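Visitor: A single structure is presented below for examination.
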Amino acid sequence: MMLRARPLFCLLLTALLLQSPGRTLAAETTPALDLWLGMYLGKLKIGYTNIRQNREEFRGAPAIRTESSSRTELTVLGQTMVQQIRTVVYSDLTTRPVYEEFEMSSGGKTTRVIADIGRDSIQCRLVTASGESRRTIPIPPGTELAGDAYMTALDSGLKVGDVFQRKSFNPLTLALDDITVRVDRKETIEFEGKPVETLVILTKTPMAELTTYQSLEDGQALRIDAAMGITMLREPRDKAMGIQPAEYRPPQDFAILTSVRSNVDLPSTGKLRRLHIRLIGLPDDVFVLEDSRQRVLERGETDGAKTATLLIRAEAFDPGRSAELPVEDESLLRWMSAAPYVDSDAIAIRRKARDIVRDEKNIFRAALAIRDWVHRAMAPRGEMGILRPATDVLKDLAGVCRDYSVLFAALARASGIPCRIVGGLVLNRGDFYYHAWNEVWTGEQWVPLDCTTPDAFVDATHIKLTEGEATEMFRMGRIIGQLKAEVLAFE
């Protein structure tokens, strides 16, 4: 089975870059900061991050302005993917954020988020080529907000054993993330050929886990170890922005490097009916999901890593078993409503959904009509490394697997079909790659549909790790490059 869309890791790289290594300085100690970090995958330079910070006025009041910008360039299944991210955060002199602008661009497309951060809520605007949408995010009483996810410098005086828990606005998911920062230990590392004493700081968010080596001399990051084998190193500007010397030969492309290798040769036919597999290297049970087709047989540990043994049985769904539209179960209302990036209430989406579904009342047949239309209409564009709303995808009908799944979800929900977005693994080219597809509620069970494959049948090599909205996929940033798979049996 050859997928018509690229896997998810380009988007998950965005999630990693958002764990900004910028410092949040206290009001009385705000020297100008201009920090450059080179980004490496092993020895391969893949990009850079720059953080600048200074005191300014914002809306007539003194403020701290932090701007971070990143650029990455990767080869992904033979195509070049360039991704640029820019974030500007204004914080008051207590370091509480009051305003944020976020912009990410890739493949000629740009998504912007503008957030006014008040005491009780955040007013967000999501702006793309297809238009603008608004969203209000409540801030629970007593919440302590951080200006960025890294927030290791709550000022000076950090010591081993310190633990901080805050919330941070995530412009990708348009939600508040829980952040835990722990000062783990002191460690002397070699930096630029010299031993340097550092504090080792562990940062955990729903999307990533980072280990930062912070210099005890100047309080700035020297090295950051992140997911997917990516490391960021403090460097002079010219070196951070530079490329590899001509004699360096990079490894295989990023898609192959981060794939989950199979221990046996599985048939790539897209027709596998049964798969008995053990996943090794799961950080916690949040990625161990169970439903009518995917059963958890065993949980355990191997060499300190969590494991889950799964049995996946794929069966073709009989449309005669499907319920009819409209769906009146209020417990399913969430999966029929608009959500970040799934703008099913947009006029263009609703009009296209009516054109596709017409008078069909059988839920599954209506969903199949949408799947088949998306499959035919969409064209794969592997260099697209950003998350876009469905209206933006509908406008040019090109993208990667997440674009297929976001568009399908919006069209399905606009038709009254309960639908959610799934992230996980799928067999391709003999190994497992990160992928996105959909599930629809048919009245008795959730049935998977994949718009990227020629056949509507979703075989047993689709292994589900996340389910819900489009933003749930970002959580897989914690496991990319960490998983191993052991196939126990298949048919």
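Visitor: Can you give the accessible area of S262, probe radius 1.4 Å, in Å² rounded to 10?
Guide: 20
Visitor: When the helix-only estimate is applied to the chain (DSSP H runs of n ≥ 4, each -39,500 (n - 2.57), divided by the residue count), what is the mean residue ellipticity at 222 nm, nearest 500 deg cm²/dmol?
Guide: -3500 deg cm²/dmol
Visitor: Additional query: Which FRET efficiency value, to the nearest 0.05, do you get for L325 and I256 by plugging their Cβ-Cβ distance into 1/(1 + (r/R0)^6) with R0 = 56 Å?
Guide: According to the calculation, E is roughly 0.85.
Visitor: Moving to a separate point now. Any chance you could give the angle, 0 to 90 degrees and rounded to 10, that helix 401-414 forms with the longest Cα principal axis of the chain?
Guide: Compared with the principal axis, the helix lies near 60 degrees.
Visitor: Once you have all Cα-Cα distances for the range 250-311, histogram them in 5 Å bins from zero and send the whole-percent values.
Guide: Histogramming the range 250-311 at 5 Å steps yields 4, 13, 20, 21, 21, 14, 6, 1, 0 percent.
Visitor: Sticking with this one: What are the principal axis extents of the Cα atoms in the chain, in Å, biggest first?
Guide: Principal axes ranked by extent give 69, 52, 43 Å for the Cα atoms.
Visitor: Grab the beta carbon distance between R52 and D355, set R0 = 51 Å, and tell me the FRET efficiency rounded to 0.05.
Guide: Given R0 = 51 Å and the Cβ-Cβ separation, E is 0.60.
Visitor: Another one. Report, in whole Å, the centroid distance computed from the Cα atoms of the range 92-143 and the range 295-324.
Guide: 37
Visitor: A further question follows. Counting only DSSP beta bridges with both residues in the chain, what percent are antiparallel, rounded to the nearest 5?
Guide: 95
Visitor: Further, regarding this structure: Percent of accessible area on the range 349-491 owned by carbon and sulfur, 1.4 Å probe? Could the numbers behind the result be given before it?
Guide: Details: 1720 of 4000 Å².
With neighbouring chains kept in place, the figure for the range 349-491 is 43 percent.
Visitor: Right, next: Could you work out how far helix 347-357 tilts from the main Cα principal axis of the chain, as a 0 to 90 degree angle to the nearest 10?
Guide: 30
Visitor: Along the charge dipole of the chain, pointing to its positive end and built from +1/-1 on Cβ of Lys, Arg, Asp and Glu, which listed residue (P171, A377, F408) has its Cα farthest out?
Guide: Result: A377, furthest along the dipole toward the positive end.
Visitor: Magnitude of the Cβ-charge dipole of the range 259-345, K/R +1 and D/E -1, about the Cα centre, nearest 20 debye?
Guide: Computed charge dipole of the range 259-345: roughly 660 debye.
Visitor: So what's Rg/Rh here for the range 280-369, counting alpha carbon atoms and using the Kirkwood radius for Rh?
Guide: 1.12
Visitor: Pulled fully out, how much extra length does the chain show between R295 and S337, if you take 0.36 nm times their separation in residues and subtract their Cα-Cα distance? Walk me through the numbers before you get to the answer.
Guide: Values: separation 42, 0.36 × 42 = 15.12 nm, distance 2.83 nm.
Additional length available on full extension: 12.3 nm.
Visitor: Still on this model: Give the Rg (one decimal place) followed by the Dmax (whole number) of the range 363-491, computed from C-alpha coordinates and expressed in Å.
Guide: 14.4, 44
Visitor: Suppose all protein chains stay in the model; what accessible area per residue would a 1.4 Å probe give for the chain, in Å²?
Guide: Per-residue accessible area for the chain comes out at 41 Å².
Visitor: Can you tell me the 0 to 90 degree angle between the C-alpha axis of helix 363-377 and the longest principal axis of the chain, rounded to 10?
Guide: 60
Visitor: Could you check the simple spin-label distance between T269 and V163, using points 7 Å along Cα→Cβ, in nm with one decimal?
Guide: Modelled inter-label distance: 5.2 nm.
Visitor: How would T198, T269 line up by accessible area, probe 1.4 Å, largest first?
Guide: From most exposed to least exposed: T269, T198.
Visitor: How long is the gain from Q445 to R119 if the chain were fully straight, where each residue apart is worth 0.36 nm and the alpha carbon distance is subtracted?
Guide: Numbers: separation 326, 0.36 × 326 = 117.36 nm, distance 4.17 nm.
Gain on stretching Q445 to R119: 113.2 nm.
Visitor: Which of the peptides 233-242, 440-449 is most tightly packed, and how do the rest follow, going by the mean number of other Cβ atoms within 10 Å of each residue? Please report the intermediate quantities before stating the final value.
Guide: Working: 233-242: 15.0, 440-449: 20.1.
By packing density, highest mean first, the sequence is 440-449, 233-242.
Visitor: Between V127 and D238, how many nm apart are label points set 7 Å from Cα along the C-beta direction?
Guide: Each label point lies 7 Å from its Cα, and together they span 3.7 nm.
Visitor: Also: What distance in nm separates the simple spin-label points at F191 and F457, each placed 7 Å from Cα in the Cβ direction?
Guide: Reported label-point gap for F191 and F457 is 5.7 nm.
Visitor: At a probe radius of 1.4 Å, what is the per-residue accessible area of W373, in Å² to the nearest 10?
Guide: Surface accessible to solvent at W373 totals approximately 40 Å².
The values are calculated or read from the model by the stated rules, or taken from the named source; none is laboratory data. In this text, all values refer to a predicted model and were calculated from it rather than measured experimentally. All Cβ positions, even for glycine, are placed from backbone atoms using ideal geometry, and neighbour counts span all protein chains on display. Only protein heavy atoms, including side chains, enter the accessible area calculation; ligands, DNA and RNA are left aside. Shrake-Rupley method; radii C 1.70, N 1.55, O 1.52, S 1.80 Å.
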